[in-house]
Amino acid sequence: MVLLAIESSCDETAAAVVSDVGAVLSSVVHSQVNEHAAYGGVVPEIASREHLARIDDVVARALAEAGVGVADVSAVACTYGPGLIGALLVGLSYAKGLAASLGVPFIGVHHIEGHLLAAAADVDSAPFVEPPYMGLVVSGGHTALYRFDGVGRSSLVGQTRDDAAGEAFDKSAKLLGLGYPGGAVIDRLAQRGDASRIAMPRSLRDRSHFDYSFSGLKTAVRTWVEKHRQSTGHDVAGQDLFDLAASIQEAIVDMLLHKAILACRRKQLSTLVIGGGVAANSHLRAEAVRRGRDNDIRVVVPPRALCTDNAVMIAMAARRWQALQRTSPLSLMAQADVAVDRAGDAVGPATVS
Ligand code: KG4
Ligand code: ZN
């Protein structure tokens with residue numbers, strides 16, 4: 001018997017199959033990046049329609065790759081929030097309908113708890129980690145630090161006051177005409193650049209809180225690009241582009257890790273787990289491990305495929321709720337905006353069988 005998990009909160013339609021003992025049997029992710037690229041960002045209506053068109057196929061492939069049939073599914077899990085409401089509704093309705101038709105338990109998972117638990121998946125010999133730990137979730141929509149003590153026991157430590165770190169990457173890339181999403185492009189260009197050439201601002205450095213701000217960086221990039229255009233008469237290109245990409249990346253990574261390491265030390269947590277799409281960034285991955293070593297903090301960054309949105313992380317959270325005998329009512333609604341400390345509201349009280 002297996003657990004089937006589904007994720008459809010943003011622009012990835014994903015399904016994963018996990019065995020009774022938690023082994024990952026399959027993970028299928030259909031990315032909608034190509035559908036949204038022309039618009040420079042995720043278009044909610046397109047996302048919903050695309051999820052609807054793909055979900056059947058994505059689930060069928062996940063079951064087939066796991067070598068199981070739908071009759072082997074003993075529980076269905078799905079993200080119920082936060083995210084785009086129309087996108088969430090597609091996965092959630094599908095998951096609830098499937099659970100009802102099979103007569104098996106349904107588990108609604110909070111998307112951020114998923115990211116916090118991506119590091120718990122035992123795939124590709126990824127390091128296995130147990131709570132308590134500090135979680136840094138960095139994506140296109142979120143940038144926050146959480147203390148994680150287990151499912152239903154996450155608490156916010158700090159968060160961005162304006163843009164998410166992924167947005168800072170994407171908006172910088174857009175200014176430079178690099179297309180959407182731009183994080184991975186900046187990562188690639190930065191590898192040929194000198195990060196020390198162009199000074200970029202680091203906001204909210206003070207040690208009195210763990211919040212972030214990335215809007216000043218965005219303004220600095222725009223100002224630099226405009227000045228460059230005025231003085232040279234052309235767009236940023238060649239070595240200038242490599243150096244600017246490296247400088248932007250360096251500033252974002254430095255800001256992220258400065259507060260993350262500070263939070264670990266202050267809250268006396270010796271493990272830092274990083275998740276979300278930006279955790280795919282090569283400089284962040286390397287620098288996090290380096291700073292962790294310097295500060296006696298164990299840094300765990302899951303494989304790239306588990307950092308960006310996927311259903312394995314949803315399965316990891318669902319397994320933990322199941323172990324606590326907690327499942328969700330089929331009346332669970334999709335929620336566009338729900339804080340992670342409310343994750344336990346989605347699953348009913350423990351039922352002792
Ligand atoms: O978690 P995710 O797949 O989707 C959500 O936003 O929930 O994260 C997408 C974000 C985008 O902003 C993208 O530019 C960024 O992750 N990203 C990266 C890299 N790969 C993806 N940012 C920096 N470096 C990368 N290699
Ligand atoms: Zn996400």
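Rule-based calculations on the coordinates, nothing more; no lab input. Treat the numbers as computed from the prediction; the structure is a model and nothing was measured. Positions of Cβ are generated from backbone atoms using ideal geometry, with glycine treated the same way; all protein chains shown enter the neighbour counts.
Of all beta bridges DSSP finds with both residues in the stretch 84-234, what is the antiparallel percent, to the nearest 5? Before the final figure, lay out the partial values.
Numbers: 11 of 12 bridges.
Here the share of antiparallel DSSP bridges comes out near 90 percent.
Could you line up D211, D194 from fewest to most neighbouring Cβ atoms inside 10 Å?
Fewest-to-most Cβ neighbours within 10 Å comes out as D194, D211.
Taking the Cα atoms only, what angle lies between the long axis of helix 238-266 and the longest principal axis of the chain, rounded to 10 degrees?
On a 0 to 90 degree scale, this one is about 60.
Could you identify which residue out of L136, L241, L63 has the top mean-square fluctuation in a GNM of the chain using Cα springs shorter than 10 Å?
L241
Compute the Cα gyration tensor for the stretch 1-134, then decide on rounded, prolate or oblate, letting a ≥ b ≥ c be the square roots of its eigenvalues: rounded whenever a/c is under 1.5, prolate when a/b is larger than b/c in the other cases, and oblate in all that remain.
Numbers: a/c = 1.64, a/b = 1.23, b/c = 1.34.
Oblate.
Please give the FRET efficiency for V104 paired with A286, using the beta carbon to beta carbon distance and R0 = 45 Å, rounded to the nearest 0.05. The partial results should precede the final answer.
Working: r = 43 Å, r/R0 = 0.95.
The value I calculate is 0.60.
Is the shape of the chain best called rounded, prolate or oblate, per the rule: a/c under 1.5 gives rounded, else a/b larger than b/c gives prolate, else oblate, with a ≥ b ≥ c the square roots of the Cα gyration tensor eigenvalues? Kindly include the intermediate steps, with their values, before the conclusion.
Numbers: a/c = 2.15, a/b = 1.57, b/c = 1.37.
Prolate.
Going by alpha carbons, how many degrees (0 to 90, nearest 10) lie between the helix axis of 165-175 and the longest principal axis of the chain?
50 degrees
Using modelled amide H (1.01 Å from N, peptide plane; none on Pro or chain starts), what sits under 5 Å from the amide H of D162, excluding residues fewer than 5 places away?
F214
Compute the length gained on full extension between A305 and Q230: take 0.36 nm times their separation in residues and subtract their Cα-Cα distance, giving the result in nm to one decimal. Present the calculation step by step, with values, prior to reporting the outcome.
Numbers: separation 75, 0.36 × 75 = 27.00 nm, distance 4.09 nm.
Residue separation times 0.36 nm, minus the Cα-Cα distance, leaves 22.9 nm.
Taking neighbour Cβ counts within 10 Å as the exposure measure, how do M316, M1 sort from fewest upward? Write down the numbers at each step before the final one.
Working: M316 28, M1 11.
Ranked by crowding around the Cβ, least crowded first: M1, M316.
How much length would be gained if the chain were fully extended between D294 and A237, taking 0.36 nm per residue of separation minus their Cα-Cα distance, in nm to one decimal? Show your work: numbers first, answer last.
Working: separation 57, 0.36 × 57 = 20.52 nm, distance 3.58 nm.
Additional length available on full extension: 16.9 nm.
Roughly what angle does helix 85-102 make with the longest principal axis of the chain, taking Cα atoms, 0 to 90 degrees, to the nearest 10?
20 degrees
Going toward the positive end of the dipole of the chain, with +1 on Lys and Arg Cβ and -1 on Asp and Glu Cβ, which of I314, A121, F210 do you reach last?
F210
Modelled label-to-label distance, D162 and A323, 7 Å Cα→beta-carbon offset: nm?
Reported label-point gap for D162 and A323 is 4.1 nm.
How far is it, in nm, from the label point at S215 to the one at R342 when both lie 7 Å from their Cα along the line to the Cβ?
It works out to 2.4 nm between the two label points.
Which residues in the stretch 1-31 place their backbone N less than 14 Å from a point set 7 Å from the Cα of D72 along the Cα-to-Cβ direction?
Answer for the stretch 1-31: 1-5, 16-27.
Tell me, what HN-Hα J-couplings in whole Hz come from the Karplus equation 6.51 cos²θ - 1.76 cosθ + 1.60 at θ = phi - 60° for each residue of the stretch 270-278, using x for Gly and Pro?
Going residue by residue, I get 9, 10, 10, 10, 10, x, x, x, 5 Hz, with x marking Gly and Pro.
Under the 0.36 nm per residue contour assumption, what length would be gained going from the current alpha-carbon distance of S93 and E65 to full extension?
Working: separation 28, 0.36 × 28 = 10.08 nm, distance 2.31 nm.
Taking S93 through E65 to full extension adds about 7.8 nm, to one decimal.
Per DSSP H run of n ≥ 4, the term is -39500 (n - 2.57); total these for the chain, divide by its residue number, and report the mean residue ellipticity at 222 nm rounded to 500 deg cm²/dmol. Intermediate values should be presented prior to the final figure.
On the way: 11 runs with 148 residues, N = 353.
My calculation for the chain gives -13500 deg cm²/dmol from helical runs alone.
Between A77 and residues 5 or more places away or on another chain, which pairs have amide H atoms under 5 Å apart, with H built 1.01 Å from N, and which residues are they?
Result for A77 returns L4, A5, I6, I107.
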